[in-house]
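This report concerns only the one structure given below.
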Amino acid sequence: MSETIHDSDVLILGGGMAGGLMAALLADTGLSVTVLDGAPVPAMPNQAPTARVSAITEASHWLLRHAGAWQYLPAERLGPYQSMHVWDGDGTGEVCFDAAGVGAEQLGWIIENDAIVAALHQAVAAQENVQWLPSVRVRALRRDNDLWQATAGGLLYRAPLLIGADGARSLAREAAGISAPVRDTGHRALVATVKSDKPHGGCARQRFMETGPLALLPLFGDGQQSSLVWSLWPEEARRLMALSHQEFERELTLASEECLGQLRVPGELKAFPIRELHASEYVREGLALIGDAAHVVHPLAGQGINLGMLDAGVLAEEIHQARSRGLNHFDDSLLRRYQRRRRAHNALMQRALGGFKMLFEQRSPEIRLVRNLGMRWVNRLSPVKHMLAREALGRGGDLPRRARP
Ligand SMILES: Cc1cc2nc3c(=O)[nH]c(=O)nc-3n(C[C@H](O)[C@H](O)[C@H](O)COP(=O)(O)OP(=O)(O)OC[C@H]3O[C@@H](n4cnc5c(N)ncnc54)[C@H](O)[C@@H]3O)c2cc1C
């Protein structure tokens, strides 16, 4: 029995935040783009906040804007934050910095992941050359006659360029034979929406403890709801998950040093394993990996999808430039340039986050002392704080043009 064939110029496997942005950034190339995703497109959230959120940098915001998606994000569901407060739970060291210090209105926005995907889907819905096919799970991928071929639901999808945006367990990565050893970070993340007695005041807070960091990210709304991301050793996470609701809220409030007063968890508490991986290569013949398919980092600095969005921005830029030079959109040289521009940057970020996590796990009193003195020193130095604020805004590194105004 012959399969029905669906040909396009670009096949994007995965319509999450990275794949969705990739499709939207390619819409103006005129290339035919097909996005395949095993899940349905999420509806734009309109009730209580959904548990999975991301801290979106200024750079990612510009990419979403240039991709035509930002306008579909309801303003009342954006949680802009103007400052950051990071402190050592085992000492007196702290670092505070704010957007005003670098002449910005905010350092970023806390936004629900589902809202971002729904907005990206709306942005491409009117583009004739982009087809986003939800609930299509790809079972097999192979390369034949210079085309990538994906089999799903009895159909065969073919394209000379396959973009793997299919997350940490990427089938695209596996089909291309690219290795990506998975490293367990020894942490689990407890995630929930929390209500606080005191207003968050647009400040993203993070308390570092030996067991892991506890982050309270300011959400949209009445100023008294935040997103909790509490990274912990697995046995500690299990202990907390087994507590009664009231006991958990009491422990959470204590662990936050009551920085927002009493904390309550009105909805569900979810736990996620935190693993890290980095693909040995991002590209192969006619293939590029972006987002979590290429790299998974610890969520402690809220960088994961921001790196993924920069991948999409750089790859789209390289495709545009190659075409303007008369090259194919799947030319090997453009794929290599994409890899050169992104892999080293992502590796550096992964190492920096690993080092940061290790520094706060140290029990030695000498290291704790140096760590606290170091934080106090940083907190007094405006140039260093400017640098931190610029990093939080996502202004560092080799940015694609569309990650700027
Ligand atoms: C607790 C926690 C907090 C975080 N906080 C932040 C933060 O504040 N800021 C930040 O930048 N990052 C954060 N991250 C990281 C961020 O969530 C991820 O980097 C991001 O979700 C990855 O997006 P993606 O599109 O690359 O992959 P995914 O979201 O995994 O999307 C992959 C898509 O591919 C589809 N798919 C997979 N396989 C197939 C197949 N075979 N066929 C069809 N479709 C397929 C899936 O259905 C899915 O839609 C956090 C992560 C965690 C765990």
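Before moving on, here are some points about what is shown:
- Take every Cα pair under 8 Å whose residues are at least 6 apart in sequence, average their separation, divide by the length of the stretch 1-151, and the relative contact order is 32 percent.
- Computed from phi, the 3J(HN,Hα) profile of the stretch 5-12 under the Karplus parametrisation 6.51, -1.76, 1.60 (θ = phi - 60°) reads 9, 10, 9, 8, 7, 9, 10, 10 Hz, with x in place of Gly and Pro.
- Partners of K198 within straight-line reach, counting aspartates and glutamates whose Cα lies under 16 Å from its Cα and excluding those fewer than 8 residues away in the same chain: D222, E249, E257, E258.
- A probe of 1.4 angstrom, applied to the heavy atoms of all protein chains, finds I319 with accessible area near 0 square angstrom.
- P(r) of the stretch 250-315 over all Cα-Cα pairs, binned every 5 Å from zero, in whole percent: 3, 13, 16, 16, 13, 10, 9, 8, 5, 3, 1
- Three-way shape call for the stretch 116-210 based on the alpha-carbon gyration tensor, with the a/c threshold at 1.5: oblate
- With every protein chain in place, the chain: carbon and sulfur % of accessible area (1.4 Å): 52
- Simple rule: put +1 on each Lys or Arg Cβ and -1 on each Asp or Glu Cβ in the stretch 10-125, find the dipole, and look at Q122, I111, H61; the Cα lying farthest toward the positive end is Q122.
- Within the chain, the longest run free of trypsin sites (Lys or Arg not before Pro) that sit in a DSSP loop with at most 15 other Cβ atoms within 10 Å is 170-324.
- Distance between the pseudo-spin-label points of E235 and E3 (7 Å out from Cα toward the beta carbon): 4.9 nm.
- Within the chain, percent of DSSP bridges classed antiparallel, to nearest 5: 70
- Separation in nanometres of the label points that stand 7 Å from Cα toward Cβ, at E94 and R250: 2.6
- Shown here: the stretch 34-141, whose C-alpha atoms stretch 53, 31, 31 Å along the first, second and third principal axes, sorted largest to smallest.
- Excluding ligands, DNA and RNA, the accessible surface per residue across the chain is 43 Å² with a 1.4 Å probe.
- Tensor-based shape of the chain (alpha-carbon gyration tensor, a/c under 1.5 rounded, otherwise prolate or oblate): prolate
- Theoretical ellipticity at 222 nm over the chain - DSSP helices of four or more residues, -39500 (n - 2.57) apiece, nearest 500: -11000 deg cm²/dmol
- Spin-label model, E361/A75: points 7 Å from Cα along the beta carbon direction are separated by 4.5 nm.
- GluC sites (Glu not before Pro) restricted to the stretch 1-99 and DSSP loop, no more than 15 other C-beta within 10 Å: E3
- FRET efficiency for Q321 and S179, using Cβ-Cβ distance with R0 set to 45 Å, rounded to 0.05: 0.95
- In sequence order, calculated HN-Hα J values of the stretch 124-136 (Karplus, 6.51, -1.76, 1.60; Hz; x Gly/Pro): 8, 4, 8, 8, 5, 8, 10, 10, 10, 9, x, 6, 10
- Farthest positive-ward along the stretch 267-405 dipole, Cα basis, beta-carbon charges - from N328, I290, V314: V314
- The length gained on full extension between V384 and A39, counted as 0.36 nm times the residue separation minus their Cα-Cα distance, comes to 119.9 nm.
- Note: the stretch 168-209, Cα convex hull, 153 Å³ per residue.
- Rounded to the nearest 20 debye, the dipole size of the chain about its Cα centre is 700 debye, using +1 on the Cβ of Lys and Arg and -1 on the Cβ of Asp and Glu.
- Both radii are taken from the alpha-carbon atoms of the stretch 221-355; with Rh as the Kirkwood radius, Rg/Rh is 1.15.
The values are calculated or read from the model by the stated rules, or taken from the named source; none is laboratory data. As the structure is a prediction and not an experimental result, all values here were calculated from the model. Cβ atoms come from the backbone with ideal geometry, glycine included; neighbour counts cover every protein chain shown. Each accessible area value is taken on the protein alone, full model and side chains, heavy atoms only, with ligands, DNA and RNA left out. Shrake-Rupley method; radii C 1.70, N 1.55, O 1.52, S 1.80 Å.
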